[in-house]
Amino acid sequence: MSTDYQAIINRIKDEVKPLLTQGKVATYIPALARINPYRFGMAVYTINGELFTCGDAQEYFSIQSISKVFTLARVMDRLGDALWDRVGREASGNPFNSLVQLEYENGKPRNPFINAGALVITDCFIQEEQNAMSKLRDFVRACAANPNIDFDEEVAASEKLTGHRNAALANFLKSYGNLINEVEEVLDVYFHQCSLSMSCADLSRAFLFLANAGTDPLTCAAVCGPRQAKRINALMQTCGLYDEGGEFAYRVGLPGKSGVGGGIVAVMPGELTVAVWSPALNQAGNSLAGMKALELFTTYTARSIF
């Protein structure tokens, strides 16, 4: 019996509507502070190539920390287990931009998805790729099958203007010898990757390789190996929602990655991906309505990894 995903996401859109008036947009990045908090979009993409959307699923938004999955996929595929000499694999239990934890652990970030860890991954990406920014953009375009995806230069500039904590983290990493390239270059690539502008439909398409053992099910192109895909999903399950990973696992039960732009992407291995966007955030920095929407999705489909 097939699942009526369109009816399910339409129902979810109606049910989460009261939550759109709650939460707050990410005001510490000025370009994000102006986003209409009442927008909501949702997209489901199956590995068979079916796309279901509702609401503002085709509207572009800043994916922010969701971009960390793309750089991690490239770096893991190139470096393999050597990567873990520079970054850990454990949930942080602290804010995603914590300086205290980085000092306590002698400059080795707890995981690739907190900001310090993502800066190390960006540094590795620059080492492995010439013209890192264009290579990253082209990689994301290929994953999403959308040649129009690009950086939002206004958002990137806004992040650079206010990114003092990230600059501090990068300099701290450099002082411990855990940043090879120049701090300014790493920050520039990092701010641009976070500024990538995509829609829910784009994101659900771009993450399909993680639902299909590292291979794009629609083009049969190998994005990463099955081993890497398994491990990326595991890291998303434990570390993908900042320090709210346990809550997400409990309520949703899927590997996922969020960003302070209000997006969340989740993966049902062997079946589908689902992306949601609602800009108003909860106190942990995750989309308030998005969290509920994904909880309802796994409830109504009666499917999760558990």
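The values are calculated or read from the model by the stated rules, or taken from the named source; none is laboratory data. Bear in mind the structure is a predicted one, so any value in this text is a computation, not a measurement. Counting neighbours? That spans all protein chains shown, and the Cβs are built from the backbone with ideal geometry, glycine included.
Take the conditions (1) out of contact with any Asp or Glu (no Cβ under 7 Å at 6 or more places or on another chain); (2) assigned to a helix (DSSP H, G or I); (3) at pLDDT below 95; (4) not basic (Lys, Arg); residue 26 misses just one of them, which is (2). Residues in the range 119-172 that are among the basic types (Lys, Arg) and touching a helix residue (DSSP H, G or I) at 6+ places or on another chain (Cβ under 7 Å): 1 in all. Checked against the criterion of being at pLDDT 95 or above, of a type in the set (Phe, Trp, Tyr) and either buried (at least 17 other Cβ atoms within 10 Å of the Cβ) or under 18 Å from the mean Cα position of the chain (by Cα) (or both), the range 64-82 contains one or more residues that satisfy it.
Table: residues versus (1) more than 24 Å from residue 272 (Cα to Cα); (2) not in a helix (DSSP H, G or I).
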site: 10; (1), (2): no, no
site: 16; (1), (2): no, no
site: 19; (1), (2): yes, no
site: 31; (1), (2): yes, no
site: 42; (1), (2): no, yes
site: 49; (1), (2): no, yes
site: 53; (1), (2): no, yes
site: 65; (1), (2): no, no
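So, residue 243, is that one surrounded by fewer than 24 Cβ atoms within 10 Å (Cβ to Cβ) and at pLDDT below 95 or not? Yes; evaluated as a whole, the condition is true for this residue.
Scanning the range 134-159 for residues that are surrounded by fewer than 18 Cβ atoms within 10 Å (Cβ to Cβ), closer than 18 Å to residue 77 by Cα and among the hydrophobic types (A, V, I, L, M, F, W, C) yields one hit, 142. Being touching a helix residue (DSSP H, G or I) at 6+ places or on another chain (Cβ under 9 Å), among the hydroxyl-bearing types (Ser, Thr, Tyr) and in a helix (DSSP H, G or I) is a condition met by at least one residue of the range 67-83. Only one of the numbered conditions (1) surrounded by fewer than 15 Cβ atoms within 10 Å (Cβ to Cβ); (2) within 14 Å of residue 274 (Cα to Cα); (3) touching a Leu at 6+ places or on another chain (Cβ under 6 Å) is violated by residue 6, and that is (3). Among the residues of the range 48-63, those identified as surrounded by 20 or more Cβ atoms within 10 Å (Cβ to Cβ) and either among the hydrophobic types (A, V, I, L, M, F, W, C) or on the phi > 0 side of the Ramachandran plot (or both) are 52, 54, 55, 57, 61, 63. Evaluated against (1) on the phi < 0 side of the Ramachandran plot; (2) touching a Gly at 6+ places or on another chain (Cβ under 8 Å); (3) of a type in the set (Ser, Thr, Tyr), residue 300 falls short on exactly one condition, (2).
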